[in-house]
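Handing you this structure, nothing more for now.
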Amino acid sequence: MKPGTPDPAADPRQEAVRAFGRYLLRERELRGLSPEDVARVTRLASGVIDAIEAGDPERMPPRGYLVGYLRSYAGAVGLDADDVVLRYQEAAGVEEPEPPPGTARAGARSAGAPSPGSRRWVAIVAVVAVVVAVAIAVGMRRGGGDAGEIRGRKSSERAPYRAPAAP
């Protein structure tokens, strides 16, 4: 090793990630699963599983993929996926935890403010409502009939009175 370069074993984060990998390996082995079993269920390459269990940052996939891989791994082994991701983030020293799927990040947007995607849907619904209203108005004008006309009789006309049948 060259003088002045940091010792990778002395980096507490790398050691914490390695300990996290050993935790996953131990949990898998306690359940009697082989790496091939986990690879078959998760459809992850065995090299990815080995890198995760070794906790080797050099061999691990990028963080964007790693979070999903950890969730898949946890599901295959029978661990809580959120707990596994949080443990990894604590070990790696990640500042902002990844939100669970389907939830918004805390503080990213106020509860009452619509997201850009929801604004788009509101605009689409409004345009469709206007088009439908215009189509109905045009159809009523072209038909030439009165809106109150039903089955050939105007609403102002009375139906002839029929006496009830005799018993």
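Computed over the Cα atoms of region 27-96, what is the ratio Rg over Rh, Rh following Kirkwood?
The Rg/Rh ratio comes out at 0.94.
Kindly put Ile124, Ile49 in sequence by how many other C-beta atoms sit within 10 Å of each C-beta, fewest to most.
The most exposed by this proxy come first: Ile124, Ile49.
Could you go through region 39-48 in sequence order and give the Karplus-derived ³J(HN,Hα) for each residue, using 6.51 cos²θ - 1.76 cosθ + 1.60 with θ = phi - 60°, rounded to whole Hz, and x for Gly and Pro?
Couplings: 5, 5, 6, 7, 6, 8, 5, 4, x, 5 Hz.
Would you mind ranking Met140, Met60 by Cβ crowding within 10 Å, fewest neighbours first?
Met140, Met60
Hey, what do the phi angles of region 79-89 turn into as Karplus ³J(HN,Hα) couplings, whole Hz, using 6.51/-1.76/1.60 and θ = phi - 60°, x for Gly and Pro?
Calculated HN-Hα couplings, in order: 9, 6, 4, 4, 5, 5, 5, 5, 4, 5, 5 Hz.
Throughout, read-outs are computed from the coordinates displayed, never taken from laboratory work. It should be emphasised that the depicted structure is a prediction, and the values quoted were computed from it without experimental measurement. Using ideal geometry, Cβ is built from the backbone for each residue, glycine included, and neighbour counts are taken over all protein chains shown.
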